[in-house]
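Take this structure first; my questions come after.
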Amino acid sequence: MKPFDTVLIANRGEIAIRVLRAAQALGYRAVAVYSEADVDAPHVAHADSAVQIGAAAPSASYLNIERLIAAAKECGAQAIHPGYGFLSENADFAQACADHGLVFIGPSPDAMRWMGDKAGARRRMAEAGVPCVPGYDGADQTDATLLKEAKRIGLPLMVKASAGGGGRGMRLVERMEDVPHALASARTEAQNAFGSATLILERAIRRPRHVEIQVFGDSLGTVVHMGERDCSIQRRHQKVIEESPCPVLTPELRAQMGAAAVAAARAIDYVGAGTVEFLLDQDQNYYFLEMNTRIQVEHPVTEAVTGIDLVQLQFQVAQGLPLGIAQEDVQLTGHAIEARLYAEDVAGGFLPSTGRIELWQRPSGPGIRCDDGIETGTMVSPYYDSMLAKIIASGPTREVARTRLIKALKSTAIVGPHSNRDFLIATLEIGTFIDGGATTAFIAEEFPQSQWQPPELGDEELAIAGVLLYLHRRDHAVRQSIGVAGELLNWSSNGVNYTCFKLSGRDVVVRALGAQTYEVKLDDQSTLQLDRVGRDGLMADLILGGVHRSVTHWCSGANHIYVSHNGRGFTLEDQLAGQDAGGSSAGGDVPAPMHGLILEVFVETAQRVEKGARLAVLEAMKMQHDIVAPEAGEVAQILCQKGKQVASGDLLFELTLAGDEEATT
């Protein structure tokens with residue numbers, strides 16, 4: 001390995017910023033890359049220089065190996081750090097770097113190939129004595145063989161793409177008759193995502209924990225593990241909350257799993273940062289799941305409890321230097337929990353959300369770290385992963401870390417696309433999580449059908465929103481006036497100074513009783529009084545019902561307000577203003593739930609369909625989503641095409657519902 005002083009970061013978003021900062025801290029010149037969609041992205045501004053690499057679509061930019069190699073040569077970089085996602089586990093990319101004399105900051109191409117092929121990895125781990133889940137990883141990929149093996153393995157069954165990860169190409173099968181459909185859909189998704197349709201079958205372990213071990217190796221043969229992370233809370237097989245250490249691991253079990261992870265890394269001569277993932281069942285048996293040959297999203301919790309900067313250590317090892325850490329040097333101190341902030345509509349089934357971020361307020365405080373790649377004004381694109389930021393809390397105990405994280409999330413404000421902020425807070429406050437009992441079934445068990453609905457807005461939230469929107473309008477009017485004395489604020493010549501709003505379908509009348517006291521009447525029924533209302537930037541403090549309240553608020557124009565109160569964020573529009581009234585779609589209309597690419601259309605005009613029938617497949621943010629019939633009926637119009645992009649809300653199909661047919665006959 002040769003020394004380097006300039007590093008190209010072949011990624012975007014928060015991971016690009018994280019790697020850029022680590023590189024700059026070590027004195028390297030850090031160069032960013034960006035697509036046409038990311039020309040104004042924060043990671044570009046953080047870099048010492050930046051190179052445009054192509055169009056918005058990942059295949060034309062962040063997945064374009066030739067363009068990335070050319071960009072490195074253009075800027076004089078001698079090394080490339082891939083971050084995570086995109087090409088970070090692509091052996092061909094690592095090989096291309098080596099072929100062009102560039103240092104790839106990661107493991108060797110051979111190690112990546114071994115672990116990138118889940119079937120081959122299973123066989124290799126079994127040879128190394130690492131426990132594996134019973135399954136099938138053979139070369140015969142015919143349906144007949146896979147069906148035969150599925151019956152041998154038994155239910156529940158996991159169908160998995162041999163290449164890739166992140167939940168793509170993965171299907172859980174509970175009934176044997178569903179195996180053929182699971183094989184077909186997993187193959188299609190795997191081929192589109194990874195260029196390989198090879199599948200493996202594994203026995204699904206019910207209600208396991210997902211526990212992963214951080215390993216690190218150098219080119220001199222040293223390999224150590226740095227403890228574990230519990231990543232059990234997931235949706236769509238993608239992690240939501242991670243923590244270190246695992247709440248149920250004993251020192252003895254940690255040593256056993258750590259030794260197995262080190263054996264796995266040694267079996268492929270692993271160099272650099274890697275993660276060996278295990279399933280831990282309720283009897284404390286553990287099984288090899290896969291190895292991620294890169295830095296992980298959740299690496300900050302390991303950094304928090306070990307005091308080791310893993311990204312800086314990646315650069316050190318890539319220079320050919322020794323790791324400088326023995327196993328006995330690694331000590332876990334305290335506890336850390338990370339929450340992933342996604343742009344997604346949780347109540348709508350965790351569907352990705354896009355659009356302009358109108359307000360971003362990151363958290364701060366003791367033991368709080370926020371890794372983000374967004375700013376106010378950033379556009380959340382449909383082309384890339386929906387994760388916006390990671391908020392990490394650490395403390396001397398798990399409970400301190402948990403309460404710090406809740407407080408940090410409550411102080412976080414994001415306006416624009418839907419986000420999972422409130423869902424994260426609710427998750428951290430559930431008894432199962434507090435007790436350390438969460439498994440991979442957590443979301444399904446705590447939120448049946450993966451549905452989560454925020455509590456309905458109460459009188460207090462509407463009263464707070466009404467007063468703050470009134471103050472925003474009042475201040476705007478004062479700024480447009482000349483010479484208004486402060487003592488005239490909230491005063492009216494007719495003796496009654498009130499403003500009417502319609503918020504969330506309810507009448508809200510705000511009356512100023514004094515400089516800091518307001519009366520709010522809701523629907524001519526209940527009346528609330530807010531006292532000592534004070535504002536400082538985005539923060540507002542007030543007394544309501546004898547209780548002091550601290551809220552975050554932000555107004556967009558004269559008619560929209562965002563308020564975050566006690567960990568619940570909501571955006572309201574004054575419907576009396578007559579703007580953006582909107583309306584619900586007809587019952588037979590099937591709109592696109594998000595921006596994306598139509599991969600398949602399964603129906604024809606005049607075809608009869610049952611409720612829940614698959615009409616099309618939409619690919620967005622690296623995931624495939626089935627578009628289904630809302631009710632039984634007949635396909636009246638098909639307004640989308642295979643291979644074409646659609647925008648959120650675009651009408652894809654028009655159905656004549658069965659009830660409508662009867663009404664017209």
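Yes or no: segment 330-345 includes at least one residue that is under 21 Å from the mean Cα position of the chain (by Cα), closer than 30 Å to Val248 by Cβ and at pLDDT below 95.
First, pick out the residues of segment 330-345 that are under 21 Å from the mean Cα position of the chain (by Cα): 336-345.
Right, trim to closer than 30 Å to Val248 by Cβ and you get 336-342, 344.
Subset that is at pLDDT below 95: 344.
Yes, some residue in segment 330-345 is under 21 Å from the mean Cα position of the chain (by Cα), closer than 30 Å to Val248 by Cβ and at pLDDT below 95.
Just to verify a result, which residue in segment 361-370, among those that are of a type outside the set (A, V, I, L, M, F, W, C) and surrounded by 17 or more Cβ atoms within 10 Å (Cβ to Cβ), is farthest from the chain's Cα centre (by Cα)?
Gly367
For residues that are among the hydroxyl-bearing types (Ser, Thr, Tyr) and not in a helix (DSSP H, G or I), scanning just segment 106-160, find the one that is farthest from Met176 (Cα to Cα). Full working, then the answer.
Keep residues of segment 106-160 that are among the hydroxyl-bearing types (Ser, Thr, Tyr), which gives 108, 136, 142, 145.
Subset that is not in a helix (DSSP H, G or I): 108, 136, 142.
Working: Ser108: 40, Tyr136: 16, Thr142: 17 Å.
Only one residue tops the list, namely Ser108.
Of the numbered conditions (1) modelled with pLDDT of 90 or more; (2) under 30 Å from Pro58 (Cα atoms), Ala620 satisfies every one except a single condition; which is it?
Going through (1) modelled with pLDDT of 90 or more; (2) under 30 Å from Pro58 (Cα atoms) one by one, Ala620 breaks only (1).
Within segment 322-360, can you find the residues that are out of contact with any helix residue (DSSP H, G or I) (no Cβ under 7 Å at 6 or more places or on another chain), surrounded by 15 or more Cβ atoms within 10 Å (Cβ to Cβ) and assigned to a strand (DSSP E or B)?
Those that are out of contact with any helix residue (DSSP H, G or I) (no Cβ under 7 Å at 6 or more places or on another chain), surrounded by 15 or more Cβ atoms within 10 Å (Cβ to Cβ) and assigned to a strand (DSSP E or B): Arg340, Tyr342, Glu344, Asp345, Leu351, Pro352, Gly355, Leu359, Trp360.
Additional query: Specify which of the listed residues (Phe93, Phe86) is among the hydrophobic types (A, V, I, L, M, F, W, C), on the phi < 0 side of the Ramachandran plot, buried (at least 19 other Cβ atoms within 10 Å of the Cβ) and not in a strand (DSSP E or B). Explain how you work it out, then say what you get.
On the way: Phe86 fails: on the phi < 0 side of the Ramachandran plot.
Exactly one residue qualifies, and that residue is Phe93.
Additional query: Give the residue that is surrounded by the fewest Cβ atoms within 10 Å (Cβ to Cβ), with candidates limited to residues of segment 496-509 that are without any contact (Cβ under 8 Å) to a residue 40 or more places away in the chain and outside any strand (DSSP E or B).
Going through the qualifying residues, I end up with Val496.
Looking at (1) of a type outside the set (Val, Ile, Thr); (2) in a helix (DSSP H, G or I); (3) touching a helix residue (DSSP H, G or I) at 6+ places or on another chain (Cβ under 8 Å), can you tell me which one Leu253 breaks?
(3)
Only residues that are at pLDDT 90 or above and touching a strand residue (DSSP E or B) at 6+ places or on another chain (Cβ under 8 Å): list them for segment 546-558, please. So that I can check it myself, show each step before the final result.
Let us first name the residues in segment 546-558 that are at pLDDT 90 or above, namely 546-555.
Correct list: His548, Arg549, Ser550, Val551, Thr552, His553, Trp554, Cys555.
Moving on to the next point. So if I check each of Ala98, Ala37, Ala23, Ala71, which one is in contact with a strand residue (DSSP E or B) (Cβ under 9 Å, 6 or more places away or on another chain), within 21 Å of Pro382 (Cβ to Cβ), part of a helix (DSSP H, G or I) and not assigned by TED's automatic domain parsing to the domain that holds Ile295? Spell out how you get there, then give the answer.
Working: Ala98 fails: within 21 Å of Pro382 (Cβ to Cβ); Ala23 fails: within 21 Å of Pro382 (Cβ to Cβ); Ala71 fails: within 21 Å of Pro382 (Cβ to Cβ).
Criteria check complete, one pass: Ala37.
Let me ask something else about it. Report, by residue number, each residue of segment 189-209 that is at pLDDT below 90 and among the acidic types (Asp, Glu). Explain how you work it out, then say what you get.
Initial filter on segment 189-209 (at pLDDT below 90): 189-196, 206.
If the condition is that a residue be at pLDDT below 90 and among the acidic types (Asp, Glu), then Glu189 is the only one that fits.
Would you mind listing the helices (runs of 4 or more DSSP H) fully within segment 366-435 where at least 3 residues are hydrophobic (A, V, I, L, M, F, W, C)?
By residue number, 398-411, 421-428.
Does Ala30 satisfy being within 27 Å of the chain's Cα centre (by Cα), modelled with pLDDT under 95, farther than 25 Å from Asp117 by Cα and outside any helix (DSSP H, G or I)? Give the steps one after another, and end with the answer.
Details: within 27 Å of the chain's Cα centre (by Cα): yes; modelled with pLDDT under 95: no; farther than 25 Å from Asp117 by Cα: yes; outside any helix (DSSP H, G or I): yes.
Considered against the rule, which asks whether it is within 27 Å of the chain's Cα centre (by Cα), modelled with pLDDT under 95, farther than 25 Å from Asp117 by Cα and outside any helix (DSSP H, G or I), Ala30 comes out as no.
Right, here's the next one. Among the numbered conditions (1) surrounded by fewer than 21 Cβ atoms within 10 Å (Cβ to Cβ); (2) of a type in the set (D, E, K, R); (3) at pLDDT 95 or above, tell me where Arg12 comes up short.
All conditions are met except number (1).
Continuing with this model, one more query. Would you check which residues across segment 274-321 are assigned to a helix (DSSP H, G or I) and of a type in the set (S, T, N, Q) and list them?
Within segment 274-321, the first condition is being assigned to a helix (DSSP H, G or I), and the residues that meet it are 299-306, 310-318.
Selection gives Thr302, Thr306, Gln312, Gln314, Gln316.
Is it the case that segment 436-455 has a residue that's within 29 Å of Gly537 (Cα to Cα) and either in contact with a strand residue (DSSP E or B) (Cβ under 7 Å, 6 or more places away or on another chain) or not acidic (Asp, Glu) (or both)? Talk me through it step by step, then tell me what you get.
Step one: of segment 436-455, the residues within 29 Å of Gly537 (Cα to Cα) are 454-455.
Next, only the ones that are either in contact with a strand residue (DSSP E or B) (Cβ under 7 Å, 6 or more places away or on another chain) or not acidic (Asp, Glu) (or both) stay: 454-455.
Within segment 436-455, one or more residues are within 29 Å of Gly537 (Cα to Cα) and either in contact with a strand residue (DSSP E or B) (Cβ under 7 Å, 6 or more places away or on another chain) or not acidic (Asp, Glu) (or both).
The values are calculated or read from the model by the stated rules, or taken from the named source; none is laboratory data. Quick caveat: nothing in here was measured; it's all calculated off a predicted structure. So basically every Cβ, Gly included, is an ideal-geometry build from the backbone, and we count neighbours across all protein chains shown.
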